[in-house]
1. Tell me, yes or no, whether region 256-269 has at least one residue that is open to solvent by less than 60 Å² (accessible area, probe 1.4 Å), touching a His at 6+ places or on another chain (Cβ under 6 Å) and at pLDDT 95 or above.
2. Please go through region 1-30 and give me each residue that is β-branched (V, I, T) and surrounded by 17 or more Cβ atoms within 10 Å (Cβ to Cβ), ordered by number.
3. Does G182 qualify as being small (G, A, S), buried (at least 17 other Cβ atoms within 10 Å of the Cβ) and either in contact with a Cys (Cβ under 6 Å, 6 or more places away or on another chain) or under 30 Å from V12 (Cβ atoms) (or both)?
4. Would you confirm, using the coordinates I've provided, whether E44 is of a type in the set (D, E) and in a strand (DSSP E or B)?
Amino acid sequence: MTNPRSERVRSVRALAGRSVRQRAGRFLAEGPQAVREAVAAQAEAHEVSRSGARRVHDLYVTSAALERHAGIVDVAHRGGVRVHEVSDEVLAAMSETVTPQGLLAVCSLVTVPLPQALAAAPRLVAVLSRVRDPGNAGTVLRAADAAGAGAVVLSADSVDVHNPKCVRSTAGSLFHLPVVSGAPLVEVLAAVRDAGCTVLAASGDGEHDLDDLLDAAAAGDVPAGAPDLRRPTAWLFGNEAQGLSADEREAADAVVRVPVHGRAESLNLATAATVCLYASARAQRRR
């Protein structure tokens, strides 16, 4: 493909828009890391069921990337992905990034219904309420994957997880664990409780100190009324600028603060979420 003004190029580029993604049921994964994980997921699904749903429809690759990332292209072929060699100009016209890295995949939307995400009774869940920045949301999803979480849930008023910047920020983790998007928070909290999770809200002025909770869990001596990090937990994280509302805090089983030992006023959302998720992962592993 060499014509950057072709109809196919325009239709692929249009997937950067949320409404187009929703209508088409597809989104873009760009760069070697995201594309590698996308085609690996497709190849795995293809091995399990030859007639299974297609996760990756098309892979567009420049000649230079075809040589540099031959392994990714081989996996794509094994998974039944249609591979198209394109010029640098075509890939640039399809991509939103300033410096495309030569690989772009068109994928089916990855989000799943809430009951499906919680069917396996995950021991660790990240819930994002009113999180609007795609970079933050993607980084939290990546941290949840690294901490071994079983699911990530974005509330109805959070960013679309298929946003191109969000997809890049997940660094491929978007394809590793169940992700729910667009569910009302009240419904989410009821569902995670039914799945056996304690709901902990992360807030800078929380009643419980995360370090104290981690120490208590390690000692096996959790005070009465304090949350036990060894139990299945759903962490609730709020808006980047406003944090959690009074109603959101009230809806949790406990409110926990990440201690700040230096002079920083606070931690940003993604950093605080990573600390909280890893605290739970550590306590649960000790158990």
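The values are calculated or read from the model by the stated rules, or taken from the named source; none is laboratory data. Fair warning: this is a prediction, and the values are worked out from it, not measured in the lab. Quick reminder, even Gly has a Cβ in these numbers, built from the backbone with ideal geometry, and neighbours come from all protein chains shown. To get the accessible areas, we keep the full protein, side chains included, count just its heavy atoms, and leave off ligands, DNA and RNA. Shrake-Rupley method; radii C 1.70, N 1.55, O 1.52, S 1.80 Å.
1. yes
2. Our first condition is that a residue be β-branched (V, I, T); within region 1-30, this holds for 2, 9, 12, 20.
Within region 1-30, V9, V12 qualify.
3. On the way: small (G, A, S): yes; buried (at least 17 other Cβ atoms within 10 Å of the Cβ): no; either in contact with a Cys (Cβ under 6 Å, 6 or more places away or on another chain) or under 30 Å from V12 (Cβ atoms) (or both): yes.
No.
4. no
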